[in-house]
1. Counting Lys +1, Arg +1, Asp -1, Glu -1, what net charge surrounds residue 39 among other residues with beta carbon under 9 Å of its beta carbon?
2. When a/c reaches 1.5 or more, the comparison of a/b and b/c decides; with that in mind, is the range 34-123 rounded, prolate or oblate per its Cα gyration tensor?
3. Could you work out the local net charge near residue 106, counting Lys and Arg as +1, Asp and Glu as -1, over the other residues with Cβ closer than 11 Å to its Cβ?
4. Ignoring ligands, DNA and RNA, what percent of the 1.4 Å accessible area of the range 33-115 is carbon and sulfur?
5. How would you order 64-73, 84-93 from highest to lowest mean count of nearby Cβ atoms within 10 Å?
Amino acid sequence: MCIRDRYQRRVRGSQQAAMVTVPKIKRTYCDGKKCKKHTVHKVTQYKTGKASLYAQGKRRYDRKQQGYGGQTKPVFHKKAKTTKKIVLRLECAECKYKSHQALKRAKHFELVDAKKGGKANKP
């Protein structure tokens, strides 16, 4: 057993496979021009939008790929991460200002109602 295997075992043992639960409504600071105070925010999970065909990098890449010569730029294959960081999209209930809040990495993520969450409320 090499040192790397021993380290990976230790790291795996310390990581919990816990589900991250976040309430759908959160009272936090709003940085919008109208508010600048703590208000109620609606919480959703951020998702990346569809990539535009007209972005400068995409146009440059497509131009370079034209014609003969095969793949011109490196294609990344050595994927090491198994999870992505969770990003929350917060929308102010008063001024509709939207902001992002990054959380830690997790395999399981769930948005829950503020009233229903918790073990004490179960019948």
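The values are calculated or read from the model by the stated rules, or taken from the named source; none is laboratory data. On a predicted model such as this, the values are computed, not experimentally measured, just so you know. Cβ atoms come from the backbone with ideal geometry, glycine included; neighbour counts cover every protein chain shown. Surface accessibility is based on the protein's heavy atoms, side chains included, excluding ligands, DNA and RNA. Shrake-Rupley method; radii C 1.70, N 1.55, O 1.52, S 1.80 Å.
1. Value of the local net charge: +1.
2. It is oblate, given that a/c is not under 1.5 and a/b is not larger than b/c.
3. On the way: positive: 84, 85, 104, 105, 107; negative: 110.
Around residue 106, the surrounding residues sum to +4.
4. Percent of accessible area from carbon and sulfur atoms in the range 33-115: 53.
5. Per-residue mean Cβ counts within 10 Å order the peptides as 84-93, 64-73.
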